[in-house]
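What follows is a set of notes on a single structure, which appears directly below.
Values in this text are rule-based calculations from the coordinates and carry no lab data. It should be emphasised that the depicted structure is a prediction, and the values quoted were computed from it without experimental measurement. Note that we place each Cβ from the backbone using ideal geometry, even for glycine, and neighbour counts take in every protein chain shown.
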């Protein structure tokens, strides 16, 4: 029973780290990367679909994305989705091909992005600590119901703490890499 709780907590903590990595991938670093547009959705015949399902997204050079909608009438919808996004990008449309230049990041913008990254990291750490709290309260419930002994509860809490420390270390590494990536010119 204790093993299942620890394993479940480990899986949930891993998912928190995956979510952090996914949200950090949306923070742009000045380099063009197709995944920057992954979270954008476009109205396609009355339903919202990811932009990657209605257009081909590629990289022309290190600072320019190319978006080519598969259907000509989708050009305006894709362009609108990019313009209204939180990315601050301005596509240049020529026929059915959109070129999206990535604006150079200033020192001030980089520092602001680092703050955003740190905030995301802190949210991930809080999520991991909440999972630890849930597991520990489950151990306390088992102890109260006399399903486990006090020694078993103590050992289980130590295991959860080790797991928590390990996951928070992983989060710190991910944040360190992203901050270095952002501050690199």
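Kirkwood hydrodynamic radius (Cα pairs, Å) of the chain?
One over the average 1/r among Cα pairs gives 19.3 Å for the chain.
With a 10 Å Cβ neighbour count serving as the proxy for reagent exposure, in which order, fewest first, do 43, 18 appear?
18, 43
Could you tell me how many degrees, from 0 to 90 and to the nearest 10, lie between the Cα long axis of helix 107-144 and the main elongation axis, the longest principal axis, of the Cα atoms of the chain?
30
For the stretch 82-185, place one equal point scatterer on every Cα, skip the solvent, and apply the Debye formula. What is log10 of I(q)/I(0) at q = 0.10, 0.18, 0.22 Å⁻¹?
-0.53, -0.93, -1.10
If you average the alpha carbon positions of the stretch 49-67 and of the stretch 110-185, how far apart do those two centres end up, in angstrom?
35
On C-alpha positions alone, give me the angle between the axis of helix 150-183 and the longest principal axis of the chain, in degrees, nearest 10.
The angle comes out near 20 degrees.
With 5 Å bins from zero, work out the P(r) of the stretch 1-74 over every alpha carbon pair and list the percent per bin.
Per 5 Å bin, starting at 0, the Cα pair percentages come out as 3, 14, 16, 16, 14, 11, 9, 7, 6, 3, 1, 0.
Which order, highest average first, do 104-115, 63-74 follow once you tally other Cβ atoms within 10 Å for each residue and take the mean per peptide?
63-74, 104-115
How high is the relative contact order of the chain, in percent, with contacts defined as C-alpha pairs under 8 Å that are six or more residues apart?
24
Roughly how tilted is helix 2-25, in degrees to the nearest 10 and between 0 and 90, from the longest Cα axis of the chain?
Tilt of helix 2-25: around 20 degrees.
Enumerate the whole-percent occupancy of each 5 Å bin, from 0 to the last occupied one, for all C-alpha pair distances of the stretch 32-125.
Going from the shortest bin to the longest, the percentages are 3, 13, 21, 22, 16, 11, 9, 4, 1, 0.
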